[in-house]
Structure formats: structure tokens, C-alpha cells
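What follows is calculated from the coordinates using simple rules that are stated; it is not laboratory data. Just so it is clear, the structure is predicted and the values come from calculations on it, not from any experiment. No Cβ is skipped: glycine too gets one built from the backbone with ideal geometry, and neighbour counts run over all protein chains shown.
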Amino acid sequence: MRVGEVAPQIKRIQLPEVFEPEEVPDYSRQEYLQRISRFRERLGARGLDFGVIYADREHSGNLNYFTGIFSPFEETVLVIARDSGEVYLLSGNEIVDGMVNLSPILDAMTPIRIQTFSLQGFFRELAYENKTLLKDSFKQIGIGKDSRVGLIGWKYFEEREIVDHLHQHFVPSVIVDCLRELASDRNVVNASDILLNPIDGMRIIHDTHQLAVVEANSTRLTNIVNRVFERVEPGMSEVDVARLIEFSGEHHLYYPIVCISAERIRLAYALPSTKYRLTEGEQLFVSLGFGGAAQAREGRFLEYGEAHQEAAFFQVYEQFFVLKYLWLKNLAIGKSGEEVYQQVQAAYDKDFIINPGHNIDQYQEWTNSVFRAGDESLLRSGMVFHIDVITETFNNDTIALASEELRQQLAQAYPAAWARINYRRQYLEDVIGLELHESALPFSDNLLVQPFVRSLDYAFVNEAAYHSAKT
């Protein structure tokens with residue numbers, strides 16, 4: 001298969017160097033306060049008086065972004081007042097008595113105990129005494145009939161997908177109802193796009209420190225996934241393979257996925273089983289994500305042999321290499337999401353089941369995506385992406401975009417990370433035949449396509465690049 005200047009060829013290669021990343025400092029108190037300050041500016045630009053941010057176990061990204069903590073057991077509401085400078089954290093017993101004390105900005109927040117947010121049956125004396133405690137708490141904070149409230153859940157509606165998109169919310173009704181009763185229906189608007197819109201969402205655009213954190217996590221993740229594929233043995237079950245995953249307490253973006261066989265891979269989200277085992281030619285799929293990095297990798301439990309190049313499955317990997325190559329080759333600041341999407345879609349003879357790429361951050365595996373037909377949103381400096389090209393195989397990882405200024409900042413502040421990025425860029429060019437745009441920063445060493453799990457040193461390269469260089 002050849003598409004334009006992409007001519008895939010399987011070759012035995014020298015695998016990339018293994019890196020052990022240094023520790024990147026945690027975010028400082030000042031950084032969190034700066035985020036809150038910028039958020040207040042966004043509220044002001046929209047004429048909003050309060051930002052009310054919802055969180056729970058599955059949707060703690062926004063809370064974590066501003067406070068450094070998440071909400072593992074209970075619902076939590078963070079209220080940021082635009083003018084008074086006050087920040088209020090409304091949550092249940094465990095957060096108020098425990099988790100909140102881990103926040104670097106504890107001294108800048110006022111915790112308010114809302115026992116109704118606690119687990120079912122947990123102590124509720126305050127709620128029994130005051131059945132309108134949540135509403136009264138909002139009222140004491142200053143939310144009233146003239147207040148304009150920006151309510152932030154875990155998603156927002158696009159204008160063309162729903163009637164009255166600004167006044168519908170992905171937030172529990174007990175919270176929405178209280179706010180509407182105090183401020184009126186029209187004054188409570190969905191402002192989730194302040195954080196997640198694909199143009200300049202606060203969680204979409206990363207600064208130097210954030211990029212360094214994600215790159216280090218992606219490097220660690222690369223090593224974890226590689227060691228799994230290096231250590232698998234015949235007869236192992238999904239449970240056995242899952243036990244090879246080495247974690248050090250990282251907060252998962254989604255639960256780890258281990259699948260053996262095409263049937264299981266189609267399910268993708270099934271929990272590991274002892275029933276399915278690695279036999280000759282079987283498919284193995286592993287997907288992990290934490291700290292702004294995600295990887296999905298699939299291969300056949302085979303040693304390389306020339307005869308395999310005639311097999312139908314080999315054509316799947318060959319085509320996938322072309323698609324991933326085109327995705328990476330076209331990724332650049334200033335291009336639209338549609339441009340990248342169409343370049344890849346034109347080389348695929350089917351429809352993608354999901355967007356072939358999406359934004360990712362430290363708190364959420366998928367924050368948004370512009371890689372779809374008709375989306376003219378431009379790719380910008382500071383964006384981080386999970387390459388998510390999915391056909392009958394997967395081999396997806398993490399990459400970022402950075403302007404010259406941001407690249408210089410990264411090189412100066414985090415020279416080890418910058419050295420790893422430059423090594424990967426050069427490796428892709430010299431070994432794989434792929435020259436990335438100068439704004440594209442590979443955060444993973446798993447940008448290869450390796451079909452044979454028992455011959456990991458065989459990978460696809462772009463043969464056309466080598467011929468072109470010779471001429």
C-alpha cells in the first residue's frame with residue numbers, strides 16, 4: 001500500500017533509547033491562584049458574577065485544576081466569586097474533614113460542610129436541622145436574584161446540537177434547582193466552555209510547567225507499556241498480563257484495559273479475565289493513561305516471518321502506519337482540525353468510529369476534539385493530543401504543539417525533557433522516515449507500529465523517505 005509519499009515497509013530497526021524521567025515539581029500555590037485569577041477574568045468578560053464548578057468521582061478535573069485535589073467519594077462544588085476574591089468549597093464530611101487539607105490553596109478557600117453531598121447514610125445532622133442548607137449556603141455566599149452565575153459541569157452543549165444550549169447543564173438537578181431558584185433560570189448559564197472549549201479553553205492550552213509534567217508522565221507510561229509487551233509469555237491470561245503493569249500510585253485517567261483476542265478487543269472495556277490466553281497468533285491489546293498521557297497498543301503474539309507479509313492481518317498494520325504517519329506529518333500550529341482529519345480520512349476506506357485524535361490533559365483523557373469534518377478550529381500552541389487513530393488495530397500515544405517561544409521556555413526550564421523530545425524527533429526522522437513539523441513535540445517513545453509482539457524490533461518505516469533522501 002502506498003499513499004502519496006508514504007510507502008510502508010517492515011524492517012528490523014534499532015529500538016529507541018529508554019529514558020527514566022526526572023521528577024517534575026508539583027504545581028505551586030501561586031500557580032493555582034493564578035489559574036483562579038485568569039478564571040475571574042473570563043467570568044468578567046462574560047458578565048458573570050460567580051463561577052460554580054461541579055465535581056464528583058468521575059468528573060473532578062475542573063476541581064483539581066483549581067485546587068490540586070479531587071473528589072473521590074462525594075459531590076463537591078467550588079464557588080469562585082468574581083469581585084470579592086473569595087473561594088468557597090462546598091462538600092461532604094470526608095472532603096471537608098480530610099481531602100481539603102491537601103490543597104495548596106487551603107488558606108485561600110472557605111470550606112462549607114454540605115452533608116447531603118456525603119455518601120448515602122453518612123452523618124447528616126446538619127441537613128436534618130436545615131433542609132435548605134445548600135440553598136442557604138449559596139445565598140450566604142452572595143448568589144441572589146441579580147446574580148449572573150456561570151455553572152460549570154463536565155460538558156457544555158454546542159449551539160447547533162440543542163435548543164437553548166446556554167441554559168442546559170451536565171450537573172445534578174439538586175444544584176441546578178437551587179441556583180435557578182436564587183438567581184432565575186436565565187441567569188444560570190452553562191459556562192463549561194471557559195475551561196474546555198477547543199480554541200482557548202483554560203484546560204486546553206498548557207503552559208511550560210504543564211507540558212513538562214505531561215511529558216514526564218508520558219515517558220513513564222511508555223516504559224510501563226513497553227515492559228508489559230517485553231515480558232508477556234505464552235499461556236498468559238489477561239489477568240496475568242494485567243499483573244505485569246507497574247504503577248506507583250498514579251491517578252488513572254481511565255481504568256487499565258487488557259484484552260486478548262479480537263472478540264475481547266471489540267468489547268475493549270471488559271475487565272481482565274482468566275479465560276482468554278496468549279497463544280500463537282493471538283491479538284494482545286493494552287491501554288493505559290495517567291497524568292495527561294495515554295497509550296493504546298495492539299499486536300499479534302508472533303515472531304516476524306516474511307510469510308506473514310502475505311497475511312490479511314499484515315495489511316491492517318500497513319494501512320494503520322500510513323494513517324498514523326499522515327496524522328503526525330500534518331499536525332502543526334495553524335492547521336484546522338478538519339485539515340488533519342481529511343488528510344487521514346482520505347487514506348482510509350471506512351469511516352472512523354471515533355475522532356482520530358483529541359485533546360487530553362492531566363485530569364481527563366478526552367477534554368475536546370476538533371478532528372472531525374467541518375471543524376475549522378485552528379490548532380494552537382500549548383495543546384496536547386492523544387493520537388487516537390483506530391482501525392482494526394490501535395497504536396496511539398501523546399504529542400503536543402508548541403510555538404517557538406514556548407519551545408524556548410521548555411528548553412530553558414526543563415532541559416532533560418527538551419533533550420528527550422529532540423531525540424524522539426530525530427529518531428522518527430532517521431529511523432522511521434517521518435519528519436515532524438517544528439511545532440510538534442513527541443512525548444512518547446511508542447510512536448512506532450510494531451505488529452509482532454515476539455519480534456518487537458520489527459517495525460514499519462516509510463521507505464519512500466529513504467529513497468527520496470538518496471536522490
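Taking neighbour counts of Cβ atoms within 10 Å as a proxy for exposure, in what order, fewest first, do His437, His252 appear?
In increasing order of surrounding Cβ atoms, one gets His252, His437.
Straight-line reach from Lys335: which lysines fall under 29 Å, measuring Cα to Cα and dropping same-chain residues less than 8 apart?
Within reach: Lys155, Lys324, Lys350.
Among (i) 17, 35, 18, 12, 13, 5, 0; (ii) 23, 57, 20, 0; (iii) 23, 51, 24, 3, 0, which one is P(r) over Cα pairs in 20 Å bins from 0, in percent computed from these coordinates?
Label of the calculated value: (iii).
About its Cα centre, how strong a charge dipole does region 118-219 have in debye, to the nearest 20, once Lys and Arg get +1 and Asp and Glu get -1 at the Cβ?
Charge dipole of region 118-219: 320 debye, to the nearest 20.
Report the trypsin sites (Lys or Arg not before Pro) located in region 252-282 that are in a DSSP loop and have at most 12 other Cβ atoms inside 10 Å of their Cβ, or state none.
Lys275
If contacts are Cα pairs under 8 angstrom and at least 6 residues apart, what is the relative contact order of the chain in percent?
Dividing the mean separation by the residue count of the chain yields 16 percent.
For region 431-467 and region 112-158, what is the centre-to-centre distance using only Cα atoms, to the nearest Å?
One Cα centre to the other: 51 Å.
Counting other Cβ atoms within 10 Å, which chymotrypsin sites (Phe, Trp or Tyr not before Pro) in region 82-161 have at most 15 and lie in a DSSP loop?
Taking region 82-161 and a limit of 15 other Cβ atoms within 10 Å, the loop chymotrypsin sites (Phe, Trp or Tyr not before Pro) found are Phe122, Phe123.
Under the Karplus relation 6.51 cos²θ - 1.76 cosθ + 1.60, θ = phi - 60°, what is the ordered set of whole-Hz ³J(HN,Hα) values for region 328-341, x standing for Gly and Pro?
Working through the residues one at a time gives 5, 4, 8, 6, 6, 4, x, 7, 8, x, 5, 4, 5, 4 Hz.
Just to confirm the filter: which GluC sites (Glu not before Pro) across region 412-471 are DSSP coil and have at most 13 other Cβ within 10 angstrom of their Cβ?
Of the GluC sites (Glu not before Pro), the ones in loops of region 412-471 whose Cβ has at most 13 other Cβ atoms within 10 Å are Glu438.
Under 17 Å from a point placed 7 Å out from the Cα of Phe122 along the Cα-to-Cβ direction: which residues of region 96-110 have their backbone N that close?
Zone members listed by number: 96-103.
What ranking do 372-379, 50-57, 346-353 get when scored by the average of other Cβ atoms within 10 Å per residue, highest first?
50-57, 372-379, 346-353
Can you give me the angle between helix 404-413 and the longest principal axis of the chain, using Cα atoms only, in degrees from 0 to 90, rounded to the nearest 10?
It works out to around 90 degrees.
Where does the chain land at 222 nm, in deg cm²/dmol rounded to the nearest 500, when only DSSP H runs of n ≥ 4 count, each adding -39500 (n - 2.57), divided by all residues?
After summing the helix terms and dividing by the residues of the chain, the value is -9500 deg cm²/dmol.
Might you report the magnitude of the Cβ-based charge dipole of region 47-190 about its Cα centre, with Lys and Arg at +1 and Asp and Glu at -1, to the nearest 20 debye?
Dipole size: approximately 160 debye.
What list of ³J(HN,Hα) values in whole Hz, one per residue of region 140-152 in order, does the Karplus curve 6.51 cos²θ - 1.76 cosθ + 1.60 (θ = phi - 60°) give from phi, with Gly and Pro shown as x?
5, 5, x, 7, x, 5, 9, 7, 9, 10, x, 8, 10
At a Förster distance of 45 Å, what's the computed FRET efficiency of Arg29 paired with Glu463, Cβ-Cβ distance as r, to 0.05?
Using R0 = 45 Å, I get an efficiency of 0.25.
Could you run the Karplus curve 6.51 cos²θ - 1.76 cosθ + 1.60 with θ = phi - 60° over region 318-325 and give me ³J(HN,Hα) per residue in whole Hz, x for Gly and Pro?
The phi angles translate into 4, 5, 4, 4, 4, 5, 5, 4 Hz.
Treating the beta-carbon of each Lys and Arg as +1 and of each Asp and Glu as -1, no other charges, what is the dipole magnitude of the chain about its Cα centre, to the nearest 20 debye?
The dipole magnitude comes to about 400 debye.
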